[in-house]
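Here's the structure we're looking at; comments come further down.
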Amino acid sequence: MTKIAVLAGDGIGPEIVAQALKVLEALDVSFDFEQAPVGGAGYEADGHPLPAATLALAQAADAILFGAVGDWKYDTLPRELRPEQAILGLRKHLQLFANLRPAVLYAELALASSLKPEIVDGLDILIVRELSGDIYFGQPRGIRPAPDGPFKGCREGFDTMRYSEPEVRRIAQVAFQAAQKRSRRLTSVDKANVLETSQLWRETVIDVAQDYPDVALSHLYVDNAAMQLVRAPKSFDVIVTGNLFGDILSDQVAMLTGSIGMLPSASLSAGHKGLYEPAHGSAPDIAGQDLANPLATILSAAMMLRYSLQQPQQADRIEAAVKKVLAQGLRTADIWTPGMHKVGTQAMGEAVVKALA
């Protein structure tokens with residue numbers, strides 16, 4: 001039986017994951033769900049955000065359904081014990097290097113977008129973000145007395161941005177293959193006019209493009225890409241970029257869809273084992289109040305079925321059910337507009353289950 005590790009985490013994580021599980025259980029497919037603590041919950045249970053038993057479960061499972069981690073009460077912990085280290089550890093140990101973040105604007109949510117409907121109507125972008133390299137993981141890093149420069153001797157923080165050619169090549173291949181299944185357009189985002197790392201990135205992507213002559217490749221500097229995503233977002237189809245730039249741009253694109261609460265994501269290894277989570281955070285300020293939007297988590301479960309569990313028809317069913325619920329006028333607070341019916345977390349999950357029938 002297909003084994004799914006369920007790591008709900010902190011804040012609204014348990015609430016939204018519970019709704020995704022309801023939807024999965026309503027399908028005519030059998031799953032073996034096993035839950036384990038992670039993030040702040042992992043620290044409380046075992047003194048570490050990624051307990052050894054949780055990591056072992058994730059490694060043994062066919063896929064991981066993840067909620068969210070983080071809470072302000074853990075901000076005083078040493079960095080290595082903070083909840084966010086759990087997701088970084090999972091990415092490292094499971095070799096999850098490719099992050100797929102689709103940003104689709106449902107027609108029913110056009111008025112919830114921060115941009116005019118005519119600018120975003122029909123928006124459908126896929127961001128392919130490299131996940132295991134870049135400045136987030138580069139060494140050396142730390143805080144030290146500055147060894148040189150105009151502020152020599154003062155405390156300075158430093159991080160290292162680095163990418164190897166194989167790292168860029170494999171994420172570029174994922175992006176080109178994704179583009180082949182869509183409209184065959186790929187935009188690579190970098191800062192090659194300033195950064196040596198980005199110069200290597202661009203050279204490598206251009207080289208990989210020779211293997212995909214059916215895909216039209218273009219390049220943008222990250223600052224221009226950010227501007228174009230607001231000016232003409234529908235000019236994009238697939239975007240491939242590094243860890244830092246992808247982290248920023250994917251949240252920017254989220255607001256074009258009406259709410260980050262609508263955005264699922266998949267983090268994949270070379271063998272398509274994946275961790276699936278909503279793009280938003282743990283939102284501890286609304287935890288336990290039945291206010292969170294569970295749709296991003298439910299749509300993440302659909303991505304899990306499509307990319308790791310080879311159940312594309314079931315993924316289609318979930319996505320169609322979400323669209324049906326939105327067409328019925330149901331909205332959580334983050335996507336509510338006048339005239340719509342405001343519902344809570346549980347009611348939205350139950351509505352999706354009903355729509356599956």
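When the residues of region 137-152 are narrowed to those that are open to solvent by less than 70 Å² (accessible area, probe 1.4 Å) and within 22 Å of residue 85 (Cα to Cα), which ends up nearest to the chain's Cα centre (by Cα)? Only one residue tops the list, namely 137.
Among the conditions (1) within 20 Å of residue 264 (Cα to Cα); (2) touching a residue at least 60 places away in the same chain (Cβ under 8 Å), residue 88 misses just one, which is (2). With the requirement that a residue be open to solvent by 10 Å² or more (accessible area, probe 1.4 Å), outside any loop (DSSP other than H, G, I, E, B) and either over 20 Å from residue 235 (Cα atoms) or of a type in the set (D, E, K, R) (or both), what does region 170-197 give you? Selection gives 170, 173, 174, 185, 196, 197. Starting from region 305-320, keep only residues that are touching a residue at least 60 places away in the same chain (Cβ under 8 Å), then list their pairs with residues that are acidic (Asp, Glu) whose Cβ atoms are within a distance under 7 Å, requiring at least 6 positions of separation or different chains. Within 7 Å, the pairs are 308/62; 309/62.
Considering only residues in region 242-253 that are within 19 Å of residue 293 (Cβ to Cβ) and either free of Cβ contacts under 8 Å to residues at least 40 places away in the same chain or not hydroxyl-bearing (Ser, Thr, Tyr) (or both), the one that is least open to solvent (accessible area, probe 1.4 Å) turns out to be 253. Here residue 134 meets the list (1) on the phi > 0 side of the Ramachandran plot; (2) open to solvent by 50 Å² or more (accessible area, probe 1.4 Å) almost entirely, failing just condition (2). When 141, 91, 101, 82 are checked against the criterion of being within 25 Å of residue 287 (Cα to Cα), among the charged types (D, E, K, R) and in contact with a Ser or Thr (Cβ under 7 Å, 6 or more places away or on another chain), 101 stands alone in meeting it. The combined condition, being over 26 Å from residue 271 (Cβ atoms), under 20 Å from the mean Cα position of the chain (by Cα), open to solvent by less than 10 Å² (accessible area, probe 1.4 Å) and not small (Gly, Ala, Ser), is fulfilled by residue 16. Filtering region 224-241 to residues that are open to solvent by less than 50 Å² (accessible area, probe 1.4 Å), more than 22 Å from residue 200 (Cα to Cα) and among the hydrophobic types (A, V, I, L, M, F, W, C) leaves 229, 232, 236.
The values are calculated or read from the model by the stated rules, or taken from the named source; none is laboratory data. For clarity, every value in this text was computed on a predicted model and none was experimentally measured. Using ideal geometry, Cβ is built from the backbone for each residue, glycine included, and neighbour counts are taken over all protein chains shown. Surface areas here come from the heavy atoms of the whole protein model, side chains and all, with no ligands, DNA or RNA. Shrake-Rupley method; radii C 1.70, N 1.55, O 1.52, S 1.80 Å.
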